[in-house]
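To start, the structure under review is shown below, and the notes come after it.
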Amino acid sequence: MEIVISIAAKIAEYTVAPVGQWLSYSFHYNSNIENLKNQEKNLQHAQERVQQSVDDALSNGQKIYFDVSKWLIDVDRITELATRKLREIEEAGTRSSNVACLNLKHRHQLSREAKKMMENIAKLLEFGNFDGVSYFPASKGMKMTRKMDYMAMESRMILVKGILEALGNADIDKIGLWGMPGVGKSTLMKEIARQAREEKLFTEVVMTDVTNNSDVRCIQGEIADMLGLKFDQETVKGRANHLQQRLSKDKNILVILDDIWKAFDLQEIGIPSKGCKVVMTSRYRDVLISGMGTLKAIHELKILRKEEAWNLFEKMAGDSVKDRLEVRDIATKIAEKCAGLPIALVTVSKALKNKSLVIWKDALMQLTRPTPEHDTEIWSPVYSCIQLSYEHLDGEEAVKSLFLLCARQGYYISYRDLLRYGFGLGLFLNIYTLKAARNKLESLVSNLLDSCLLLESPHSSEEFYMHDLVRDVATIIASKNHNMFVMRDDGRQKAWPDVDALNRCEALSIHGGDIDKHPTKMECPKLRFFDVNCKDSRNLKIPDIFFQGMEKLKVLSLRNIQLSSLFLLTNLQTLCLDGCMLGDIHGIGELKNLVILSLAYSDISNLPREIGLLTRLQLLDLSNCSRLRVIPPNVLSSLVNLEELYMQKINVQWGVEGPNNEGINASLAELKELSHLITIEIDIPDANNLPKDFLNEKFERYKICIGDIRDPFLLGEAAFSRMLKLKLNMSFQLDFGIKMLLKRIEYLYLDELNTTKSVLYELDREDFQQLKHFHIQNNVNKKLIPELKTQAVAFPILETFVLKDMINLEEICQGNLPLESFKNLKVLKVENCEKLRFIFSSSIARDLSLLEELNIIRCNNMGAIFVKEEEDRIKDQGDMMLFSRLQTLVLKDLPKLMGFLSTKDSFMTDCRETNSEGNHDLQLSLLHHYHQISFPRLRKLHLEGLPKIKHVWSKEPQTMFRFQALHDIYVGKCESLTSLFPAWVLGCLEKLKKIEIYDCRVEEIVAAEEGEVVARTLMFPRVTSLNLRNLQRLKWFYKGVHVSKWPILKEIKIERCEEVEIFASEVVSFEETVEEIQSEMSIKQPLFLVDKRSFPSLETLHIRNMDKLEIIFEKLEGQNSKEPQVSIISRSEIEESEAATHFVSNVIFPNLKGSDMEGEYPETVFNFQNLREIHVVRCGSLKSLFPISVINCLEQLQVVEIKDCGVEEIVAVEGGGGEAVARMLEFPQVTNLNLISLKRLKWFYKGVHVTKWPMLKEMEIERCEEVEIFSSGLVSFEETVEERRSTEMSIKQPLFYVDELSFPSLETLYISNMDSLEIIFGELEGQNGKESQVLIFSGSGIEENGATIHSVSTVAFPSLKRLFMINLPKIRHVWSEDPKTVFNFQNLQEIRAKRCESLKSFFPTSIVSCLEQLKTLWIEDCGVEAIVAGGGGEPVAQVLVFPRVTNLELTNLKRLKWFYKGVHVSKWPMLEKMCIEGCEKVEIFASGLKSFQETIEKRQPGMSIEQPLFLVDEQSFSSLKRLIIRYMDKLEIIWQWQDQVAEISFSNIQDMQVDYRA
């Protein structure tokens, strides 16, 4: 049957095609079914393989690709269908014994379905060959959230901006960031990564830590994980290729490699060298530049500024600093000790957060005195990161030794000292010359600088310094591991090391501490280095035996110490005695091994001949030995190995040249014999002493001054190694040697005052190819640089060019110079060149792209700074004069200057008049060539004495402003200037910090645009200081409705701006104010229009000498009393008012008016919570200073000074009348209160109140002529008010109402020139004699000479130390005589009274016992009859003790009869000086008490007894050493001797002066 079917199928194929196709399924039934079974098995196997990969990936945290997941779903579905179909076929066959017997229709259907499934399975098998089934998701570790330790501070924001800009530069692939350990590099990188992701600068950002133990596989793995990349390769190279393919495929990936310690090949990791943005950080600058190739973009991350450091510390410490004042002071000190290092600030502040005060104090002590183990919990992380850098210093051991040597120096580390100490210690192995040692030292220092363990000094390239914490770590390492110790006076080790430490000590440096407690002799058998450099060691004497126990000493450096003689230290290599007072040093010849000797700044006058025996000497320094007069002949020439000689600023009269020089001084010719001499620094005041051929090309380093040059040392001179200063005379000739030096010279100072022809004409341009600094003055030439035939570039590397006092100079260059000339110029200064008309042509100016500072001063004919040549056509920005690095521009006293850039046609050759063609330039601004010049980095602009300049900037707005970096602008003495800024400029001055305008005729600072009525906002976002002085035409800052905003302005000074009538007014609604202005009302515009946010940071406001100023702060109120406008004042109401000076911190302006306080606005919130100082001077119309509503806002006020004003009260009563409700007026932070020359002042506040001044330390009240009572106590407010209402009696109100807590901190009280003052400390006594109120006087009941003085029930001045009372003519008593009164003056130390004519006595007896701390009592020209007021009736003996008084002076007390009227004894146990002068009624100076009592007993009735000034016993004046008695007309007896008591009491007198008037 099967054969028949096959044959039939074949026949059908060749007969009818459709029928054949139908029969084919039936004919191939068996093969289709079999193939389906096989394909199903294949699919199951493929499914198992893929599923296994999927399961492995899922278990590995990977994600499955979508097409893989879909394939598996499709496989499951078709497998289920195939299984079901095969089961159906099997069941059909089971039902029929012979499959072939199936009917053809069913057979056809099954075969067809099987083939279709087989084809689908084949497709799935084809698509199932996956390269990979999964991927790694983006690493969760790169979730870009801002790190809590990061703060958006200015120094960091600038760096972030720079790095992001570099990332956007297509020409830059590699960016480097370097900085010292712990400075915050990693934190900054996380911020870079966050911003790059948030701003979608890159599709992927990956970051990995390289660290000091870098593992290539680990780095590759971290990057791959973040990219979701899986490595199949095992080798590093294979993984690198895979990673490189991934990074090259997607070029929008940022890779950050943090903390690189050593250079490596990026391609070894798999990072492409091109096309991939890579940011790298390292502690080592050289690693990034030389090793990693980040040449185009390299940034240094420095420590935080002081304010930034505190902000970070405060943020990390949280409320534990903000809310706890007792912690805040300590926290400030700890933050300062962290010295701006972020790791220290963050670590320490977090560790101390919410800790107790004791722990804070302990942390401060730890930082001040770090423990050698540095293992404390707080400081360990800080020290560890620094120590790690030390341990990984590359190179030989010398770099570590140099690091420890640096740590033993002062704060600034001198390159000179490192060379001398290092050479003496043998730090530079196998190096025997100073020349080679210098080269080696430069390499080692560069290594430390690159690692940030050493930092460059901001002052000199010859100095360095260490961060404080780095020095601490280095000191700990040196002490712990190398027995090296340092003594300092900065809170660290101050005491000398103990005996055991000295025995093992190898190096000892003393920079303070207890140096005066030094031992007589030090046993330091291992000591190799000893350095003493203290500020206060001038009087320190070192004994001869001090150094006997230092046999191994190699380096000894002593500064500013007295030495009686030298000491035999045979191993000494380096001896430095800088600034020492030297005794006998003739023994110096015994120090045969000495190679370096420095006597700089010492007091040596004669150089010992024995120095000539030091034949191994390689360096001799005698510089700045101002007393040195004698250098014996043949001493210097004996130093045959000398390489370096320093003899600047000495006054030696050099001998004449010749073999038979028998003078007392050597000749300079001796130096020609020193064949190894290659470094010399010497002054030769007389050029005639200069030997022939003395100067020659063998000198490699030289600083030679020929002639009497007295110019001060210029900053930066130390950086030059080849310097020549010449002050020439008529006879001076350039010899060959000087010409050779000039070819390599770096610094040339040339003064040609007495010459007729400049030496420059003897030289070629080629002679200055290495010149960097050129200062020339008093040159007589009209052309400085003559025109030469050769086209040699002039001064190709010159950096500083100074021309001064060139009275004939008309042009600097004659003819055209090659364009490369002056291309490296950084500083150009021209001063007092009267005939010079311009500096350079535009062709030269265009190449001054490196110029940083330009100063042109006092050039009377200067018409322009730069001049365009006729052929110079500047058309597009590519030809622009781009002064891309200019930071300082000073143009001063240039009376004919018309513009910065001009044409020669703009002014005549002689600069007398402008020609017709150039007249337009007079109307142009100074910087009008906006399209031709650009100053993108200009920071300081100083314009002074430019009378022809009418505008600085053009009034026409430009699309591209080119002064965007301007920080400071100073403009003065520009008579034609009408305004400073056009309004459009303000938007371009975002970095402006300081504005100062003085002595100009400006009418406004910002020029209004014509026809403008729309309100403006003038924003000065970074200005911190504004100074307007002597602008006599200035009316307003900007004419027009506007608001000026100064968000960080801290200081305003306004002085002598005579047209200003209103300082500032608040504007609430712009539009309605504009409508008001358009009416016919007379409007006075203020200097400033402001709102509540105009001056949020203002700290200091000075307003002085403003003759027309009427209003300082005023709210603008319109006619309807609702809308704001400027106040309207008629001319007749204006009173002449002078200056008011205020210091303000946070201003929402109160409505203070110069002549009076205009209407109060109770709805206005006054905001002076940061006000610290107020100074008001010469405001004659001012009635009061504060409205009462302001007082509660003055919480930070510290200083109040009011002088020469018309105020009647300091605080104004609300509504203008007296108040029935008692007030408490508290000034919680005021420390100084000065009220001077307030002739109308009556009281502090008119009303019942108490003032409290908890922090007040000093008070001065002077020339307040209406004040009658200084202070009175107030016990009951309400009853006092009732008293005032019920009685019609006159009430005198005191200046201050006080209670016992009013002045708890007052230390100094100064009251003077108060003609009406009657009471100082007075009691308020009610009518019923019980309740306290103000003293009541009827008009007729006041005595002519003043009132009796009463005191507060408890007068509390517990801290008062000094009391001064000067010229108080109505004062009769200082304190009350009421014994019930309790006084509290326990800290009073000094009392001085002068010209108090009505004063009857000084103390009541009750006060004497309170004066335990009194040291000085000084009374002069007063009307006192007794110092201590006596009681009535029979005298009762008293003991008056003044336990601490050391000085007593009683002068011109013409009514004084006795110290105390009555029987008493006064005791003065510590009195050392007493002066009694001009006390005309005193007859007996002193008597013993017993003698006086006996005299009283023996007196007859009616008999008069003269009481002495003092009644004494044996101990009364036991310490008195000096007694002065003068001009005592009636004095008959100094002391009475009957019982010898007086003699014993005055037994210690050493100096006694008695002077009787003739």
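The values are calculated or read from the model by the stated rules, or taken from the named source; none is laboratory data. Values in this document were obtained by computation on a predicted structure and should not be read as measured data. Note that we place each Cβ from the backbone using ideal geometry, even for glycine, and neighbour counts take in every protein chain shown. Side chains are part of the model used for accessible areas, which takes the heavy atoms of the whole protein and leaves out ligands, DNA and RNA. Shrake-Rupley method; radii C 1.70, N 1.55, O 1.52, S 1.80 Å.
Please go through (1) at pLDDT 75 or above; (2) part of a loop (DSSP other than H, G, I, E, B); (3) closer than 24 Å to HIS951 by Cβ for LEU901 and return the number of the only condition it doesn't satisfy. Only one criterion is unmet by LEU901, namely (2).
Scanning the stretch 457-485 for residues that are assigned to a helix (DSSP H, G or I), open to solvent by 50 Å² or more (accessible area, probe 1.4 Å) and touching a residue at least 60 places away in the same chain (Cβ under 8 Å) yields ASP468, LYS480, HIS482. For the stretch 246-266, residues that are more than 28 Å from LEU388 (Cβ to Cβ) and either modelled with pLDDT of 90 or more or outside any strand (DSSP E or B) (or both) total 7. Residue count for the stretch 294-340, restricted to those that are within 30 Å of ASP171 (Cα to Cα) and either touching a Cys at 6+ places or on another chain (Cβ under 6 Å) or not acidic (Asp, Glu) (or both): 9. SER564 passes every criterion in (1) within 20 Å of ILE510 (Cβ to Cβ); (2) out of contact with any strand residue (DSSP E or B) (no Cβ under 6 Å at 6 or more places or on another chain) apart from (2). In the stretch 694-703 there is at least one residue that is at pLDDT 80 or above, under 24 Å from ALA666 (Cα atoms) and of a type in the set (Ser, Thr, Tyr). Residues in the stretch 337-370 that are out of contact with any helix residue (DSSP H, G or I) (no Cβ under 8 Å at 6 or more places or on another chain) and either outside any loop (DSSP other than H, G, I, E, B) or open to solvent by less than 70 Å² (accessible area, probe 1.4 Å) (or both): 5 in all.
If I go through the stretch 279-311 residue by residue, how many of them are assigned to a helix (DSSP H, G or I) and buried (at least 24 other Cβ atoms within 10 Å of the Cβ)?
In the first step, residues of the stretch 279-311 are kept if they are assigned to a helix (DSSP H, G or I); the result is 285-291, 306-311.
Filter once more, keeping what is buried (at least 24 other Cβ atoms within 10 Å of the Cβ): 288.
The qualifying residues number 1.
For the stretch 390-400, what are the residues that are assigned to a helix (DSSP H, G or I) and surrounded by 18 or more Cβ atoms within 10 Å (Cβ to Cβ)?
Taking the stretch 390-400 as the starting set, the residues that turn out to be assigned to a helix (DSSP H, G or I) are 390-391, 397-400.
Answer for the stretch 390-400, where residues must be assigned to a helix (DSSP H, G or I) and surrounded by 18 or more Cβ atoms within 10 Å (Cβ to Cβ): TYR390, ALA398, VAL399, LYS400.
When the stretch 611-626 is filtered for residues that are over 14 Å from ASP578 (Cβ atoms), open to solvent by 10 Å² or more (accessible area, probe 1.4 Å) and assigned to a loop (DSSP other than H, G, I, E, B), the ones remaining, listed by number, are THR615, ARG616, GLN618.
Among all positions in the stretch 230-245, there is at least one residue which is in contact (Cβ under 8 Å) with a residue 40 or more places away in the chain and surrounded by 14 or more Cβ atoms within 10 Å (Cβ to Cβ).
Looking at LEU243, LEU288, can you tell me which residue is of a type in the set (A, V, I, L, M) and in contact with a helix residue (DSSP H, G or I) (Cβ under 8 Å, 6 or more places away or on another chain)?
Details: LEU288 fails: in contact with a helix residue (DSSP H, G or I) (Cβ under 8 Å, 6 or more places away or on another chain).
Answer to the check: LEU243.
Could you tell me whether the stretch 89-101 includes any residue that is of a type in the set (Asp, Glu), under 30 Å from PHE127 (Cβ atoms) and at pLDDT 80 or above?
Here is the first cut: in the stretch 89-101, the ones of a type in the set (Asp, Glu) are 90-91.
Filter again for under 30 Å from PHE127 (Cβ atoms), leaving 90.
From what is left, the residues that are at pLDDT 80 or above are none.
No.
For SER675, the conditions (1) in a helix (DSSP H, G or I); (2) open to solvent by 80 Å² or more (accessible area, probe 1.4 Å); (3) among the small types (Gly, Ala, Ser) all hold with the exception of (1). Residues that are out of contact with any Phe, Trp or Tyr (no Cβ under 8 Å at 6 or more places or on another chain), among the basic types (Lys, Arg) and either in contact (Cβ under 8 Å) with a residue 12 or more places away in the chain or farther than 30 Å from ASP394 by Cα (or both) do occur in the stretch 253-270. Only residues that are in contact (Cβ under 8 Å) with a residue 24 or more places away in the chain and out of contact with any Leu (no Cβ under 9 Å at 6 or more places or on another chain) were counted across the stretch 994-1011, and they come to 2. Being at pLDDT 85 or above and open to solvent by less than 20 Å² (accessible area, probe 1.4 Å) is the requirement here; does LEU448 meet it? Answer is yes for this residue.
For the stretch 547-610, the strands (runs of 3 or more DSSP E) that sit wholly inside it and include 2 or more residues that are open to solvent by 20 Å² or more (accessible area, probe 1.4 Å) and farther than 20 Å from ARG528 by Cβ are 562-565, 581-584.
Taking the criterion of being in contact (Cβ under 8 Å) with a residue 60 or more places away in the chain, under 18 Å from ALA719 (Cα atoms) and among the hydroxyl-bearing types (Ser, Thr, Tyr), the only residue of the stretch 438-456 that qualifies is SER446. One residue alone among GLU975, GLU1012, GLU990 is acidic (Asp, Glu), in contact with a Pro (Cβ under 8 Å, 6 or more places away or on another chain) and modelled with pLDDT under 90, and that residue is GLU990. Among residues that are open to solvent by 10 Å² or more (accessible area, probe 1.4 Å), at negative phi and at pLDDT 90 or above, LYS1246 is not included. Residue count for the stretch 1447-1461, restricted to those that are part of a loop (DSSP other than H, G, I, E, B), touching a Lys or Arg at 6+ places or on another chain (Cβ under 8 Å) and open to solvent by less than 50 Å² (accessible area, probe 1.4 Å): 1.
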